[in-house]
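Each remark here refers to the structure printed beneath this line.
The values are calculated or read from the model by the stated rules, or taken from the named source; none is laboratory data. All values reported here derive from a predicted model rather than from experimental measurement. Here Cβ is always computed from backbone atoms with ideal geometry, including for glycine, and neighbour counts include all displayed protein chains.
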Amino acid sequence: MGNELVQITAVSQPGVAGALQTSSVASAGRLKTFYIETFGCQMNVHDSEKVQGVLLARGMKPVEDHAQADLVLYNTCSIREKAAQKVFSRLGAFRKGSSGAGKVIGVLGCVAQQEGERFFERAPQVGLVCGSASYSQLPRLLDQLEGGNQRVSGLSLYTDECFETELTRRDNPFRAYLTIIEGCDQRCAFCVVPMTRGPQRSRPSEKILAEARGLVDEGYTQIQLLGQIVNAWQDPSPARWSFAELLARVAEIPGIRRVLFTTSHPRFFGPDIVQAIDSHPTLCDQIHLPVQSGSSAVLARMLRGYTREEYLEKIHSIRQARRAISLSTDVIVGFCGETPQDFEQTLSLMKEVEYDQVFSFKYSPRPNTLAQANGDNIEEEEKGRRLAELQELQRQIQLRRNQALLGETFEVLVEGYQARLGQAVGRATTNRVINFPGSSEDIGRYLALKVTGAGPNSLVGVRV
Ligand code: SAM
């Protein structure tokens, strides 16, 4: 399905000006070792886990240091300008020649898609450029590199394929990511994702369930379903399950203890999701529902597809759930034309909702987005002032909400241990972090903890 739609470009450039420039790119030969560094969201992290699966299936070995790698990959993020710049600073290390000699340097992900073949001019040490919509073409691109092509790229966005791999190298021993939908068909005015990840394409329910069952057989008890807009998932198989039905089916797999899902878009968020959480204890009591702004005027300019009032209705339906559901959100400050009154509305929405966690960002204009044409008319200093005010408000809200939990008991999955402090760290189903006196042997266990202390970002507890 869809193979013919994906453009593969293998550019071998003997004799042109590039020949000198590409002297650090490996010539023909087997690629035996790889190093991969990932920037950005959970989807990127999981894409890298799947890319590693592809490389392992070719018999390649991972190395901890890029100096030892035949193939060095950077999986990039372009959601904000700062994130996009990171890869260029990494590539700078190879520009001076020697450290890149004999290696293939590859750029994957959103910046790869955004810059395309311009990468080869901007960073001549790069031999592979591949966007996420073309990852299923990676084996052929790698064959071409090993066959002597010095510059190969997979950059077509016109695909109806998802990235399916035989092998996935999951980095986290406790929580397994599982992608259910790729790409994005929304046109939020600020967002670069539809231009870098391609059209929305859902995986069939039977493939998702089979992968989830396989993960439980491997010993995972916590699964996080992923998608840029996870709740826009539409079952392409004849079963035609809704997203809420899929959540329920995954939650019912024997052996599963926790199911999470990110990121939900308010536009597709219905009461059936809350009902599924209510009737399935293994569905975690946490929802991430990005609002972006509390002003309906700004939301309309962002093309988010809901008003402040409609968003608050959804929050109201979540607050009616039988279990108290923890809420988090994303907010952008300083979007073009955001007035002080618009910003005040965002603060008032935050006071009304009382989120448990907020991820807040200064607006960063992105190439090819609808908002780019509107300019970026809020001064950086003013954006910084608004961001600081918003974050201070949220700090106080979180502190108050966390202090209200003193004396309560939560089940945590223990994720780590700091020997220096004698402290272990676990995560509750609400995504709250709880530190407690423990040992390295606690890692991976589910424990009940009573809350004895509360800060804005985490809790302190003891075993009960
Ligand atoms: N797909 C999700 C949605 O539409 O709600 C969001 C995914 S995005 C990777 C994570 C967050 O980055 C967004 O929710 C938004 O708050 C922020 N973001 C996206 N574009 C941005 C931009 N141009 N400037 C600042 N923040 C941005």
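Quick look at the values:
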quantity: Some residue of region 233-244 being assigned to a helix (DSSP H, G or I), in contact with a helix residue (DSSP H, G or I) (Cβ under 9 Å, 6 or more places away or on another chain) and either surrounded by fewer than 17 Cβ atoms within 10 Å (Cβ to Cβ) or at pLDDT 95 or above (or both); calculated: yes
quantity: Cβ pairs under 6 Å, 6+ apart, first in region 342-354 and touching a residue at least 12 places away in the same chain (Cβ under 8 Å), second among the polar types (S, T, N, Q); calculated: ASP342/SER295; GLN345/SER295; THR346/SER293
quantity: Test for TRP241: is it out of contact with any strand residue (DSSP E or B) (no Cβ under 7 Å at 6 or more places or on another chain) and within 20 Å of GLN275 (Cβ to Cβ); calculated: yes
quantity: Members of region 287-302 found to be surrounded by fewer than 22 Cβ atoms within 10 Å (Cβ to Cβ) and more than 11 Å from the ligand (Cβ to nearest atom), listed by number; calculated: SER296, ALA297, ALA300, ARG301
quantity: Leading residue by the ranking (farthest from the ligand (Cβ to nearest atom)) among those in region 356-373 that are farther than 16 Å from PHE190 by Cβ and in contact (Cβ under 8 Å) with a residue 60 or more places away in the chain; calculated: ASP356
quantity: Test: THR168 is surrounded by 17 or more Cβ atoms within 10 Å (Cβ to Cβ) and touching an Asp or Glu at 6+ places or on another chain (Cβ under 7 Å); calculated: yes
quantity: Top-ranked residue in region 313-331 [being small (Gly, Ala, Ser) and over 25 Å from the mean Cα position of the chain (by Cα); ranked as nearest to the ligand (Cβ to nearest atom)]; calculated: SER317
quantity: Filter result for PHE268 (within 16 Å of the ligand (Cβ to nearest atom), out of contact with any Lys or Arg (no Cβ under 9 Å at 6 or more places or on another chain) and under 30 Å from LEU447 (Cα atoms)); calculated: no
quantity: Whichever residue in region 346-381 is touching a helix residue (DSSP H, G or I) at 6+ places or on another chain (Cβ under 8 Å) and among the small types (Gly, Ala, Ser) and, among such residues, is surrounded by the most Cβ atoms within 10 Å (Cβ to Cβ); calculated: ALA371
quantity: Some residue of region 332-355 being more than 16 Å from the ligand (Cβ to nearest atom), under 18 Å from ALA404 (Cβ atoms) and in a helix (DSSP H, G or I); calculated: yes
quantity: Residue match in region 84-93 (condition: part of a loop (DSSP other than H, G, I, E, B), of a type in the set (A, V, I, L, M) and under 30 Å from PHE335 (Cα atoms)); calculated: no
quantity: Which listed residue is more than 30 Å from VAL111 (Cα to Cα) and β-branched (Val, Ile, Thr), from ILE378, ILE397; calculated: ILE397
quantity: Pairs, first closer than 17 Å to ASN149 by Cα and touching a residue at least 60 places away in the same chain (Cβ under 8 Å) in region 121-137, second of a type in the set (Val, Ile, Thr) and not in a strand (DSSP E or B), C-beta under 8 Å, six or more apart; calculated: PRO124/THR22; GLN125/THR22; GLY127/THR22; GLN137/VAL6
quantity: Scan of region 307-317 for residues that are surrounded by fewer than 20 Cβ atoms within 10 Å (Cβ to Cβ) and more than 17 Å from ALA297 (Cα to Cα), ordered by number; calculated: GLU313, HIS316, SER317
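Conditions tested, residue by residue: (1) under 17 Å from the mean Cα position of the chain (by Cα); (2) away from the ligand (no atom under 16 Å from the Cβ); (3) buried (at least 20 other Cβ atoms within 10 Å of the Cβ).
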site: HIS66; (1), (2), (3): no, yes, yes
site: LEU71; (1), (2), (3): no, yes, yes
site: VAL104; (1), (2), (3): no, yes, yes
site: CYS110; (1), (2), (3): yes, no, yes
site: GLN113; (1), (2), (3): yes, no, yes
site: ARG118; (1), (2), (3): no, yes, no
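A quick yes/no check of all residues on (1) without any contact (Cβ under 8 Å) to a residue 60 or more places away in the chain; (2) out of contact with any Asp or Glu (no Cβ under 7 Å at 6 or more places or on another chain); (3) crowded, with 19+ Cβ neighbours inside 10 Å:
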site	(1), (2), (3)
LEU390	yes, yes, no
ARG395	no, yes, no
PHE410	yes, yes, yes
LEU413	no, yes, yes
TYR417	yes, no, no
GLY422	yes, yes, no
SER439	yes, yes, no
